[in-house]
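Engineer: Before I ask anything, here is the structure I am working with.
The values are calculated or read from the model by the stated rules, or taken from the named source; none is laboratory data. All figures in this text were calculated on a predicted structure; none of them were measured in a lab. Please note: Cβ atoms are built from the backbone with ideal geometry, for glycine as well, and neighbour counts cover all protein chains shown.
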Amino acid sequence: MKVFMVSIIVGLCGCAALAQNPNVPFKPGEWKVNLTMVLNNGKPMNTETQMCAAKPEEAWNQKRPGQLCDPVKLTPVSGGFHMQMHCKGGSGQIVTEMHIDMMTHFSSNGESYTETGTSTSSTTIPGRPPMVMSIQMKGQGTRIGACTTPAKP
């Protein structure tokens, strides 16, 4: 279950910084995203991903197998936005429900950002109490140049 939740979070957080906001400069291209997550047990977990985004909204339109998400809520803030998201995933009788809350701030040239937030998930398995996990997240993204692979719809 941890692997399922972390893979969803990594994909969502990388995309969070690329969501469209008319008050935030955005430079299309290849982005490198570094994310540090601190799990319930206090151990940090670092991930690095790359993605191509020709338009900011393309990042949110990517399909993620086994995951159903409500529309993302974006609230503009100075130099960035506040993002909230709710998703469900799982198979059979095992279901994970997740809430993500992130603050993202872009640099003035639109080629980098920082983000902080939390993810809270609850996994239900028949006959057991729900397993709850809270994750503290801190990330940064940097535009590294033109896209080397096309953006994924």
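Engineer: Output the qualifying pairs, or none if there are none: Cβ atoms under 8 angstrom, residues six or more apart or on different chains, first residue in region 42-57 and farther than 16 Å from T142 by Cα, second residue modelled with pLDDT under 90.
Structural biologist: M45/V6; M45/L39; E57/A19; E57/Q20
Engineer: Might you let me know whether region 103-114 holds any residue that is more than 23 Å from E30 (Cβ to Cβ) and touching a residue at least 24 places away in the same chain (Cβ under 8 Å)?
Structural biologist: yes
Engineer: Restricting attention to strands (runs of 3 or more DSSP E) lying wholly within region 63-153, give those where 3 or more residues are at positive phi.
Structural biologist: Of the strands (runs of 3 or more DSSP E) lying wholly inside region 63-153, none has at least 3 residues that are at positive phi.
Engineer: Let me ask you something else. For region 115-135, what are the residues that are within 16 Å of Q84 (Cβ to Cβ) and touching a residue at least 24 places away in the same chain (Cβ under 8 Å)?
Structural biologist: Residues satisfying the conditions are E115, G117, S119, S121, S134, I135.
Engineer: If we keep just the residues of region 79-93 that are of a type in the set (G, A, S) and either within 14 Å of G66 (Cα to Cα) or free of Cβ contacts under 8 Å to residues at least 24 places away in the same chain (or both), which is surrounded by the most Cβ atoms within 10 Å (Cβ to Cβ)?
Structural biologist: Looking at residues that are of a type in the set (G, A, S) and either within 14 Å of G66 (Cα to Cα) or free of Cβ contacts under 8 Å to residues at least 24 places away in the same chain (or both), I get G89.
Engineer: Residues M98, M83: which one is at pLDDT 85 or above, under 21 Å from S134 (Cβ atoms), in contact with a helix residue (DSSP H, G or I) (Cβ under 6 Å, 6 or more places away or on another chain) and not aromatic (F, W, Y)?
Structural biologist: M83
Engineer: Let me ask something additional. Does I100 satisfy the condition of being among the hydrophobic types (A, V, I, L, M, F, W, C) and crowded, with 18+ Cβ neighbours inside 10 Å?
Structural biologist: yes
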